[in-house]
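Asker: Structure incoming, see below.
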Amino acid sequence: MKKLALTLLTSALVVTAAAGCAKSGDSSGAQGSSGGGAGGSKEKVELTWWVDTRGDVQAAYEEIKKGFEEANPNVKINMVRTPDDKINERISIAANTNEIPDIQQGSFFWPLSYAKKGLLVPLDDIIDKADFEEKTLQSVSVDGKAYIYPNSTVAIGLLVNKDLFKEKGALDLLPQNMQPWTYDQFMKAAKAVTDPAKQVYGYGLYAGDTGGDQGNHSFLWGFGAKSWNEDNSKAVLNSPEGAKGVEFMTKMIDEGVVPPGAAGLKASTEFSDMFVQGKLGMMFGNIGNLPVLNKAFTEGNAKKFEVDLVPYPSLDGQSSNTVLFGYGTWAWNTKNETKMKWAKEFVKYMNTPENMAKMAKAESVIGARKSMASNYAEGTLQNKTISLFKYAGNIGLSVPGYPETRSAFYPELQAAFTKKKTAQQALDDWARKANEIIAHTSK
């Protein structure tokens, strides 16, 4: 089974010279030839563009690349499909070996920690900011400067197997029309569809790796916790509110509404092996998971069921919490002025309203521009996703050493879930480690 579409998972690192990556200090970009759009210059330029591997957007990428090369015949773009598996490690190695690409298309989660190191090109002068929600722009910015051109924005919620709730006569326990709900209501709904004899559980809890950890943070935020302080300089999840959230998660384990061994389960495994197979009533997810689900249904690898989306619960039932998952385009600072100039031109071209509409034809994509919201009919999963944007919290993408803080988080959740540590001890230990990472990375 395929893994979650929008999480950062694992595979082998391959960074080769054949990929055509731009080396820092390489000034060989200008060799003269036909003209182009960047100031009418005539240099011949070859750029490397790393793209994510989501299958439903590849045709749009190819079309956009072709259109830019036809309009700028002096520019050749080498498109390199780069799997999400170990993407943070790939980027780190590329940055430290002067092998970063000129342009990259991928998740907001990947590059922002490099902004303070001067490795990203600011894009404020090319982003049409009036056509984007402020929350979206904040999610691609560091210290007030935008470094990613957002083109696909989704928000996490709880994916629901409505058929399980129908079978139990429990549809009325789910929130209607994306209305907020409480943890008590959530627990009641989870219990209603839990049937251990059939290996069916109400909620897919996990702490096996960093994948999907945004869902665990969102769960704690509903108790009033925050992961980071206002300027992203300190981890603050070890608040009394955060501890109450972890205690509630361990209560779900104790009451048997989640699969056994939740501490060691991975979000990807639960999605592929359990949710797709109709064994979970609810779990962390977003519309980026739909292609995997639909493929399993179409190929007969899973029995088809009706999928819905509901908000994360909150303590008072008056609001919700989510993390903006987004995809966008950015340019790396390769120190090659010619290539960086043309890289920005391509980033701008890729994200015109026309080209963003091409990408938005893909099932996993919601066009990031406000002007595109009307394309999604009321009641669709896309429209429901848009309604979650206002609840977006700060997951810490620009926190110095953010990927390392993620790696330090799940072992502490495991310790709490297995009761080797109290909820407060686990969060205190993570906050200490996270703040040490921030201090070290900030030097």
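Bear in mind that the values in this text are calculations on the coordinates, not laboratory data. All of these numbers come straight from a predicted model, not from anything done at the bench. With ideal geometry, Cβ positions are generated from the backbone for all residues, glycine too; neighbour counts draw on all protein chains shown.
Asker: Semi-axes, largest first, in whole Å: what does sqrt of 5 times each Cα gyration tensor eigenvalue give for region 332-406? All intermediate terms of the calculation are to be shown ahead of the outcome.
Answerer: Working: eigenvalues 164, 101, 16 Å².
Over the Cα atoms of region 332-406, the semi-axes work out to 29, 22, 9 Å.
Asker: Based on the inverse mean of 1/r over its pairs of different Cα atoms, what is the Kirkwood hydrodynamic radius of region 161-308, in Å?
Answerer: 16.2 Å
Asker: Given region 307-367 reduced to its alpha-carbon atoms as identical point scatterers, what log10 I(q)/I(0) does the Debye formula return at q = 0.11, 0.18 Å⁻¹?
Answerer: Debye curve over Cα of region 307-367, log10 I(q)/I(0) at q = 0.11, 0.18 Å⁻¹: -0.48, -0.80.
Asker: For region 294-428, just the Cα set please: Rg and Dmax, both in angstrom.
Answerer: Over region 294-428's Cα set, Rg and Dmax evaluate to 20.4, 56 Å.
Asker: Over the chain, what is the percentage of antiparallel beta bridges among all DSSP beta bridges, to the nearest 5?
Answerer: The antiparallel fraction comes to roughly 65 percent.
Asker: Taking the Cα centre of region 364-443 as origin, work out the dipole magnitude from +1 charges on Lys and Arg Cβ and -1 charges on Asp and Glu Cβ, in debye rounded to 20.
Answerer: Computed about the Cα centre, the dipole is about 80 debye.
Asker: Same structure, new question: Helix-derived [θ] at 222 nm for the chain: sum -39500 (n - 2.57) over DSSP H runs of at least 4, divide by residue count, nearest 500? Before the final figure, lay out the partial values.
Answerer: Details: 13 runs with 144 residues, N = 443.
When only DSSP H runs of four or more count, the value is -10000 deg cm²/dmol.
Asker: Beta carbons within 10 angstrom, averaged per residue: use that to sort the peptides 234-243, 166-175, 97-106, highest first.
Answerer: The densest-packed peptide leads the list: 97-106, 234-243, 166-175.
Asker: Taking every pair of distinct Cα atoms and averaging 1/r, then inverting, what Kirkwood hydrodynamic radius in Å comes out for region 365-431?
Answerer: That comes to 15.1 Å for region 365-431.
Asker: Given a cut-off of 22 Å, name the pairs among LYS117/LYS390; LYS295/LYS370; LYS116/LYS145; LYS86/LYS303; LYS234/LYS420 whose C-alpha atoms lie farther apart than that in the structure shown.
Answerer: Violating the 22 Å Cα-Cα cut-off are LYS117/LYS390; LYS295/LYS370; LYS86/LYS303; LYS234/LYS420.
Asker: What Kirkwood hydrodynamic radius, in Å, does region 151-244 give when the mean of 1/r is taken over all pairs of distinct Cα atoms and then inverted?
Answerer: Values: mean 1/r = 0.0644 Å⁻¹.
Radius from the Kirkwood sum: 15.5 Å.
Asker: Kirkwood Rh over Cα pairs of the chain into Stokes-Einstein at 25 °C, 0.890 mPa s: D in µm²/s?
Answerer: It diffuses with D of about 109 µm²/s by this estimate.
Asker: Within 12 Å, Cβ to Cβ, of PHE417, how many net charges do the neighbouring residues add up to if Lys/Arg are +1 and Asp/Glu are -1?
Answerer: Local charge sum for PHE417: +1.
Asker: If a helix is a whole DSSP H run, which ones in the chain reach 15 Å or further along their own axis (Cα) and hold a mean Kyte-Doolittle hydropathy of at least -1.0? If you can, show how the numbers build up before the last one.
Answerer: Working: long enough: 58-71 (20 Å, -1.02); 183-193 (16 Å, -0.16); 240-254 (21 Å, -0.29); 337-350 (20 Å, -0.92); 402-417 (23 Å, -0.47); 423-441 (27 Å, -0.65).
The answer, listed by residue number, is 183-193, 240-254, 337-350, 402-417, 423-441.
Asker: What's the Cα-based Rg to Rh of region 70-226, Rh via Kirkwood?
Answerer: A ratio of 1.08.
Asker: Could you estimate the translational diffusion coefficient of region 72-137 from the Stokes-Einstein equation, with Rh from the Kirkwood formula over C-alpha pairs, at 10 °C and 1.306 mPa s, in whole µm²/s?
Answerer: It diffuses with D of about 112 µm²/s by this estimate.
Asker: Also: Starting from the Cα of SER233, step 7 Å toward the Cβ, then list every residue of region 414-443 with an amide N under 12 Å from that point.
Answerer: What the label zone holds, given the 12 Å backbone N cut-off, is 439.
Asker: For LYS251, go through the aspartates and glutamates and keep the ones whose alpha-carbon is under 14 Å away, minus same-chain ones fewer than eight residues off.
Answerer: List returned: ASP184.
Asker: Here is a further query. What's the FRET efficiency of LYS419 with ARG81 using the Cβ-Cβ distance as r and R₀ = 60 Å, to the nearest 0.05?
Answerer: So, using R0 = 60 Å, E works out to roughly 0.90.
Asker: Evaluate the charge dipole of the chain about its Cα centre and quote only its size in Debye, nearest 20, assuming +1 on the Cβ of each Lys and Arg and -1 on the Cβ of each Asp and Glu.
Answerer: On the way: 50 positive and 50 negative charges, 77 e Å.
The calculation lands at about 380 debye.
Asker: Still on this structure, I have one more. Mind checking which aspartates and glutamates have their C-alpha under 16 Å from LYS44, skipping anything on the same chain fewer than 8 residues away?
Answerer: Candidates past the 8-residue exclusion: ASP26, GLU69, GLU70, ASP102, GLU337, GLU345.
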